[in-house]
Amino acid sequence: MDVIAEHKIEATFPDGALALVTLRVGRPYAHANGDHACPVQAEGLRLWEGPSDIYGVGNWHALMLGLRFIRLMLEAEAERGAVFHWEGGEHAVSVEELFVLGPD
């Protein structure tokens, strides 16, 4: 994967286990099937770690769907009781805060 963005957060799981979670987004690329793919990874999650290619119509669409997929995986972990923190941070951070784009 040609990583274009990486972010580290910490996860506390319901059983008390701690994990460093590394979120990675790769450079979208043209796939042989005619679509585009964006490789994504969330190393350290329990439900899914990847890497996996997320497909879209064009590189922009693949990138947006890849980011959305990571968000959905983080939300699924949170629904099961995982709590996320900035790396080295004391205070919890919500999945929404990780994906905020700024004011409307």
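The values are calculated or read from the model by the stated rules, or taken from the named source; none is laboratory data. This is a predicted model, so every value here is computed, not measured. Methodologically, a virtual Cβ is constructed for each residue, glycine included, from the backbone with ideal geometry; neighbour enumeration extends over all protein chains shown.
Filter the stretch 15-40 for residues that are of a type outside the set (A, V, I, L, M) and closer than 18 Å to TRP86 by Cα; which is surrounded by the fewest Cβ atoms within 10 Å (Cβ to Cβ)?
That would be GLY16.
When HIS85 is tested against (1) in contact with a Lys or Arg (Cβ under 7 Å, 6 or more places away or on another chain); (2) in contact (Cβ under 8 Å) with a residue 24 or more places away in the chain; (3) surrounded by 12 or more Cβ atoms within 10 Å (Cβ to Cβ); (4) not in a helix (DSSP H, G or I), exactly one condition is not met: (1). LEU67 fulfils the conditions (1) touching a helix residue (DSSP H, G or I) at 6+ places or on another chain (Cβ under 6 Å); (2) over 16 Å from THR12 (Cα atoms) except for a single criterion, (1).
Taken over the stretch 88-104, the criterion of being closer than 15 Å to ALA19 by Cα and free of Cβ contacts under 8 Å to residues at least 40 places away in the same chain is satisfied by GLU90, ALA92.
Filtered by the rule that a residue be under 28 Å from LEU18 (Cα atoms), more than 10 Å from the chain's Cα centre (by Cα) and polar (S, T, N, Q), the stretch 38-59 gives a lone residue, SER52. Filtering the stretch 1-40 to residues that are part of a loop (DSSP other than H, G, I, E, B), without any contact (Cβ under 8 Å) to a residue 40 or more places away in the chain and either more than 20 Å from PHE99 (Cα to Cα) or among the β-branched types (Val, Ile, Thr) (or both) leaves ASP2, ASP15, GLY16, ALA17, HIS31, ALA32, ASN33, GLY34, ASP35. Pairs linking a residue in the stretch 41-60 that is aliphatic (A, V, I, L, M) and surrounded by fewer than 15 Cβ atoms within 10 Å (Cβ to Cβ) to a residue that is modelled with pLDDT under 95 and not in a loop (DSSP other than H, G, I, E, B), with Cβ atoms under 8 Å and 6 or more positions apart or on different chains, do not occur. Restricting the stretch 47-82 to residues that are in contact with a strand residue (DSSP E or B) (Cβ under 6 Å, 6 or more places away or on another chain) and in a loop (DSSP other than H, G, I, E, B), the residue that is farthest from ILE4 (Cα to Cα) is ALA82.
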